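The values are calculated or read from the model by the stated rules, or taken from the named source; none is laboratory data. Only a predicted model underlies this, so the values are computations on that prediction, with no experimental measurement involved. With ideal geometry, Cβ positions are generated from the backbone for all residues, glycine too; neighbour counts draw on all protein chains shown. When the accessible area is computed, the model is the full protein with side chains, heavy atoms only, and any ligands, DNA or RNA have been set aside. Shrake-Rupley method; radii C 1.70, N 1.55, O 1.52, S 1.80 Å.
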Amino acid sequence: MARIPLSPPRTLFFRVIEWYSKRAYGKVLDPALALGHNARVLRADLRFERAVAKWNRLDRDLKALAVLASAASIGCGWCLDFGYWESTRHGMDQRKLRDVPVWRDSGAYTPLERDVLEYAEAMTASPPTVGDELAERLRRELGEAAFVELTAMVAVENLRSRMNAALGLTSQGFRDHCEVRPR
């Protein structure tokens with residue numbers, strides 16, 4: 001259950017956000033409802049997310065795996081639900097999405113995907129446990145620009161997942177039953 005009412009003040013700014021969210025996603029996203037209690041925070045978050053959406057040096061599927069691995073490590077049900085739905089919409093292999101929390105035991109992933117999943121988990125650990133060998137392997141395989149983007153995406157998802165989890169946001173039903181479960 002959300003730790004803040006999901007009924008922010010209905011300012012003109014928020015009504016525009018509400019309209020866009022319904023048009024783009026079919027419903028108003030719970031994180032927007034929670035952040036709507038502070039218009040400056042919501043505005044900054046929207047600007048930041050628009051900038052993040054323009055990053056394009058890392059393969060979309062690798063980005064999705066990194067984001068979901070981070071969300072699964074933190075246990076953010078909202079992020080897993082939305083991330084699974086969004087990646088499915090873009091045609092990603094559903095088995096890979098479902099198996100993220102148990103990737104070590106799954107045969108669905110390439111060696112590069114396994115490295116990305118391991119990196120996302122290692123970055124999400126407190127304190128981070130990223131090893132030099134793994135980072136160097138990814139830097140060589142992806143190239144420096146994509147490696148930096150991978151690192152930034154995991155950090156972004158840590159921000160999202162930790163904020164949503166702390167606010168008590170749970171699955172919003174983007175899938176009738178989200179098959180990706182936290183570890």
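Report the residue count in the stretch 83-127 for those that are of a type in the set (F, W, Y) and at pLDDT 95 or above.
The qualifying residues number 3.
Evaluate the following for D30: is it touching a Leu at 6+ places or on another chain (Cβ under 9 Å), in contact (Cβ under 8 Å) with a residue 40 or more places away in the chain and open to solvent by 60 Å² or more (accessible area, probe 1.4 Å)?
It is false that D30 is touching a Leu at 6+ places or on another chain (Cβ under 9 Å), in contact (Cβ under 8 Å) with a residue 40 or more places away in the chain and open to solvent by 60 Å² or more (accessible area, probe 1.4 Å).
List pairs: first in the stretch 78-89 and within 11 Å of D61 (Cα to Cα) and part of a helix (DSSP H, G or I), second open to solvent by 10 Å² or more (accessible area, probe 1.4 Å) and of a type in the set (G, A, S), Cβ under 6 Å, 6+ apart or cross-chain?
Sorted first by the residue in the stretch 78-89, then by its partner, the pairs are S87/A64.
Can you tell me how many residues within the stretch 106-139 are open to solvent by 60 Å² or more (accessible area, probe 1.4 Å) and part of a helix (DSSP H, G or I)?
8
Residue under question is L167, and the condition is that it be under 15 Å from the mean Cα position of the chain (by Cα), at pLDDT 95 or above and under 22 Å from G77 (Cα atoms); does it hold?
no
The conditions are (1) surrounded by 15 or more Cβ atoms within 10 Å (Cβ to Cβ); (2) more than 15 Å from the chain's Cα centre (by Cα); (3) modelled with pLDDT of 95 or more; (4) aromatic (F, W, Y), and W19 fails exactly one of them. Which is it?
Among (1) surrounded by 15 or more Cβ atoms within 10 Å (Cβ to Cβ); (2) more than 15 Å from the chain's Cα centre (by Cα); (3) modelled with pLDDT of 95 or more; (4) aromatic (F, W, Y), W19 violates only (1).
For the stretch 49-87, give me the residue count where each residue is of a type in the set (D, E), touching a Phe, Trp or Tyr at 6+ places or on another chain (Cβ under 9 Å) and open to solvent by 40 Å² or more (accessible area, probe 1.4 Å).
Going through the stretch 49-87 one residue at a time, the tally reaches 1.
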